[in-house]
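The values are calculated or read from the model by the stated rules, or taken from the named source; none is laboratory data. If you're wondering where the values come from, they're calculated on a predicted model, not measured in any experiment. Cβ placement follows ideal geometry from the backbone for every residue including glycine, while neighbour counts extend to all protein chains displayed.
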Amino acid sequence: MKKAIRKIIHIDIDAFFTSVEQRDFPQYRNKPLAVGGITKRGVVAAASYEARKFGIHSAMPSKLAIQKCPHIIFVKPRFDVYKMVSRQILEIFKEYTDLVEPLSIDEAYLDVTSNKRNMPSAMLIAKEIKQRIKDETYLTASAGISINKFLAKVASGMNKPDGLTVIKPEEVDDFIKSLPVEKFFGVGKVTAAKMKKMGIKTGSDLFKFEEIDLVKIFGKAGLYYYNIVRGKDNKEVKPDRIRKSIGTEKTFENDLSDKTVIIEELERISKDVINRMHRAKTIGKTITLKIKYHDFIIKTRCKSLNHDVLSCNELFGIARNLLNSYDLPDKAIRLLGISVSNLNTTKLQIEGGCQLTLEF
C-alpha cells in the first residue's frame, strides 16, 4: 500500500507581541511600536510591521531602534496576556488535529494528513484556521503548507503578514532549487556568507555538492543541507517535544564589579530557576553558568551531578562555585545566567512529585 503524502501546516502569528498590543490599545494601531525596554541595556523583543519599515527588528538594542525611528513607541511586555492568547490559539489547532507541535509562543506545526474534520485539503484547513484566529482573537496569522516541516516553515514566511503559501508535491524540486540559500531554514547569516563565497547562492547550486563534501565543510549540518535540498525531511510533528533545559539570565543596567552584588544577583537568578522548574514540574542534574563580561566575551561553566537538584540553596551553591572557577577572568559582568539541563520529569510522575524547595 502506498504511503500517504504528508500534509504539514506551519502557522506563525504575525508580529505576535506587538499585534496583541495594537489590538488591545487602539492608540498604538498603525504606528511604529516595539515591545521591550528603553533602558540603557534594553532590547527590542518584538517590532510591529510599521516599525520594521525603519529597519527595526527583534534583539536590536532599543537605543539603536530609537535612532532609526525617533517616534517609535515602546511598551513593556505583558507575557501573561501573550500566553493566554497563545493557549487560545492552541485550542483552535487541537480541534483539527492532535499532532500539534508548538515551536514557540507564536508558531506551531500541524500534521493534518489525517484530521478530526476529515477535510481532504490542507489548504482549506489552513484557511479555516486563519479565519478562526482572526474572528476569535482579532489577530492575523501566516500559514505555509507542504509535504514536510522544512518546506512548510519556509512557505509560512513568504507572504507575511496574513499570508497563505502552498508548495505542492510536484512543485517541491523546482521550489527548492530556486530558493536563495539564506532562505533555507537552518542557514544563518554566517553560513550563508560562507556558502556564497563557495558559489552556492541557490538550492540549485547546493544540489551539486556531494554529501561527503558538505559534511567535510559544514560538519553534521552538511548532512542536513544535503537532504533538505533534495526535499528530504522526515521529522515527525511531535506534540510532546522534550524540553532540554530550563533557566534564566539577566542583563544588568550597569556592569557589575562588586562581588557582593554579583553574588546577590546570582542568588536571585537561582530562585527564579527553581520557581521555573517547579512550574514546569521538572528537575535536572546538570547546571550551567553563563557569564557575559563588559567586553561582550561570554564564558560558560557547567557541572553534572549524580542526583537531581531540588533546592535553591544547592543550585545557588553550585552556581557560586562555578562563578569562582580559578580560570575565569576578574572583569565587570554584563550578564549572568543559570540553566539546568539533563532534565527528568519521569521521576516526578513515578514518585508522585518531588518537592522543589525555595528557602526563605
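When both residues are 6+ apart or on different chains and their Cβ atoms are under 8 Å apart, which pairs have a first residue that lies in region 239-261 and is modelled with pLDDT under 90, and a second that is loosely packed, with under 15 Cβ neighbours inside 10 Å and assigned to a strand (DSSP E or B)? Partner pairs satisfying both residue conditions: none exist. For region 177-189, indicate whether the set of residues that are among the aromatic types (F, W, Y), over 23 Å from E101 (Cα atoms) and outside the structural domain of K149 (by TED's automatic domain parsing) is non-empty. No: zero hits. Filtering region 87-103 to residues that are touching a Ser or Thr at 6+ places or on another chain (Cβ under 9 Å) and without any contact (Cβ under 8 Å) to a residue 40 or more places away in the chain leaves only T97. For T288, the criteria (1) of a type in the set (S, T, N, Q); (2) modelled with pLDDT under 95; (3) in contact with a Leu (Cβ under 9 Å, 6 or more places away or on another chain) hold in every case but one, which is (2).
Condition check for I228 on (1) surrounded by fewer than 18 Cβ atoms within 10 Å (Cβ to Cβ); (2) modelled with pLDDT of 90 or more; (3) at negative phi: one failure, at (1). Screening the candidates L328, L310, L356, L336 for the property of being modelled with pLDDT of 95 or more and not β-branched (V, I, T) yields one hit, L336.
Out of region 284-312, which residues are over 20 Å from L256 (Cβ atoms), touching a Ser or Thr at 6+ places or on another chain (Cβ under 8 Å) and not charged (D, E, K, R)? Within region 284-312, G284, T286, I287, C302, S304, L305, L310, S311, C312 qualify.
Among the criteria (1) buried (at least 17 other Cβ atoms within 10 Å of the Cβ); (2) polar (S, T, N, Q); (3) free of Cβ contacts under 8 Å to residues at least 60 places away in the same chain, the one N159 does not fulfil is (1).
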